[in-house]
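Heads up: the structure comes next, in structure tokens.
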Amino acid sequence: MELVGSTLASTRAHPRSAPANLLPAISAMASSYKNRFPHYALPPCLGLPWRPDAYYKTASVTPTLAPYSRSSQGLTPSKMLPFVSNRTTLFTRYTPDDWYRSNLTNYKESETSRHSAERLRVDTSQMIHDKDQQTKKTQAESTKNLGERVNDIEFWKSEIRHELDEMIGETNALTDIKKRLERALAETEAPLQVAQECLLHREKRMGIDLVHDDVEKELLTEVDVIGSCQERMQRYLDKSIAQLASNRAAQHELEKDLADKQTAHRIDDKCHHLRNTSDGISYYRGVERVDATISVPASWAKFTDDNILLSQSERAASSKLRGDIENLLVVTANEMWNQFNRVNVALTNRIAETADAKNKIQTHLAKTLQEIFQTEMSIETIRKAIRDKGPPLKVAHTRLDERTRRPNVELCRDSAQIRLVNEVHEIDDTIQSLQQRLRDAEDTLQMLVHAKSTLEHDLAVKANSLFIDQEKCMGMRKTFPNALRLVGYV
């Protein structure tokens, strides 16, 4: 009788002729296992826990083993029957053909899955390459169009600036109602000082709140508006009342157009220089469906050209229009009042936004603290689970170690041995998974602690910004010159 892994015959067994139905040697049977594939889709009936008929069918075609010890020598077949009858306590669930078919099916399924995955990977790589080239081409065209648009805006800006300079030189001739204009000019100092102090106070905001928001934009616009009104008043002291109003209307349109073009130039220039690696890019879902345009290139160019032509016409008639200084004073007063109201509205909205943000930060801070507590509990649970896997692993190791002491042929790689080895691997994999999860949980805890620190800092920043906007800025803006004083009557 041949044993697995050994070429020596048993020293205790005497050779004798084997029956015709003996199994082939194990070394010969090993070659029959080659090129066999597992198959798991077995018939449901073969999985029954008790199949006596299957046992008898299998036993009828299975040859008996030759005796391998002296204790079995000399026994007649009738005396060996009790040994076979003892196997009635066992049962055979599957046949070797089932086992071979299971292996074959599993191998074929694995090969099919690999081929499908390979095809998908190749197709995906090609698709990614094509889409990447298409995206780069489209982005290059968009960048080129934006650059052309920036050049067009820059040209019209230079034309508007030139005409504005010409208009300022023309309006220097106005000299009427100088006293009223001087009084109105003096009244603009207080609002200008308030606006500048608001800007100065808002420079004391901290961190992320030191943002160029709508309030700051409106305050800067108010400073510019007031400064522009003062400059125009100072320039137009020597000009005629009537011509001053006409010139002022044309100049206002040019300034508005220039401001719009400056804003458009800044936006388009920023868009032109945006790249895939730029900061501040984000998703804005549905923005491509929003069409907020109100002009086309032809009407856009005609609008600026009309403004320039109007300014040229008013500048040519400056000597005839000297009586509209009242309109200038009214316009400047309305601009300052409107801008004053816009600043107040923006400041009020900003205060509401800051208060809302502060409340949300407090809510998120509370949730973050709760999540930190839950994460810490989870970490302790994972650590306990890792510790609990120690005794089962020790038991499996001890069993394997004890089974290495089985003598001779009893060192069989049976199902118990395979199960113990698999158990060790499974417990090791479980411990590795738990340790990885523990590291993830600890990283999450650090992230939560960082978020908590950020929220606490942001909460202090919001409180400081709220105090500046609500207490200091709004407190100073409660007083503003009335319309009569702005037009120079008082």
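The values are calculated or read from the model by the stated rules, or taken from the named source; none is laboratory data. Every value quoted in this text rests on a predicted model; they were computed, and no experiment measured them. Using ideal geometry, Cβ is built from the backbone for each residue, glycine included, and neighbour counts are taken over all protein chains shown. Areas reflect the complete protein model, heavy atoms only, side chains present, ligands, DNA and RNA absent. Shrake-Rupley method; radii C 1.70, N 1.55, O 1.52, S 1.80 Å.
Things to note:
- Qualifying residue in region 370-390 (condition: open to solvent by less than 70 Å² (accessible area, probe 1.4 Å) and within 30 Å of Asp209 (Cα to Cα)): yes
- Of the set (1) outside the structural domain of Leu310 (by the TED database); (2) without any contact (Cβ under 8 Å) to a residue 24 or more places away in the chain; (3) among the aliphatic types (A, V, I, L, M); (4) open to solvent by less than 70 Å² (accessible area, probe 1.4 Å), all apply to Ala186 but (1).
- Selection count where residues are touching a helix residue (DSSP H, G or I) at 6+ places or on another chain (Cβ under 9 Å), open to solvent by 90 Å² or more (accessible area, probe 1.4 Å) and under 22 Å from Asn151 (Cα atoms), scope region 276-308: 2
- Contacts under 6 angstrom Cβ, first residue in region 254-266 being in the same structural domain as Thr221 (by the TED database), partner assigned to a helix (DSSP H, G or I) and hydroxyl-bearing (Ser, Thr, Tyr), 6 or more apart: Leu254/Ser311; Asp257/Thr304
- So Thr375, is it under 33 Å from the mean Cα position of the chain (by Cα), part of a helix (DSSP H, G or I), of a type in the set (S, T, N, Q) and in the same structural domain as Cys473 (by the TED database): yes
- Those residues of region 391-403 which are farther than 29 Å from Asp443 by Cα and either surrounded by 13 or more Cβ atoms within 10 Å (Cβ to Cβ) or in contact (Cβ under 8 Å) with a residue 24 or more places away in the chain (or both), in sequence order: Val395, Ala396, His397, Arg399, Leu400, Arg403
- Verdict on Asn338 being in the same structural domain as Cys229 (by the TED database) and at pLDDT 85 or above: yes
- In region 404-461, the residue that is surrounded by the fewest Cβ atoms within 10 Å (Cβ to Cβ) out of those that are in a helix (DSSP H, G or I) and among the hydroxyl-bearing types (Ser, Thr, Tyr) is Ser415.
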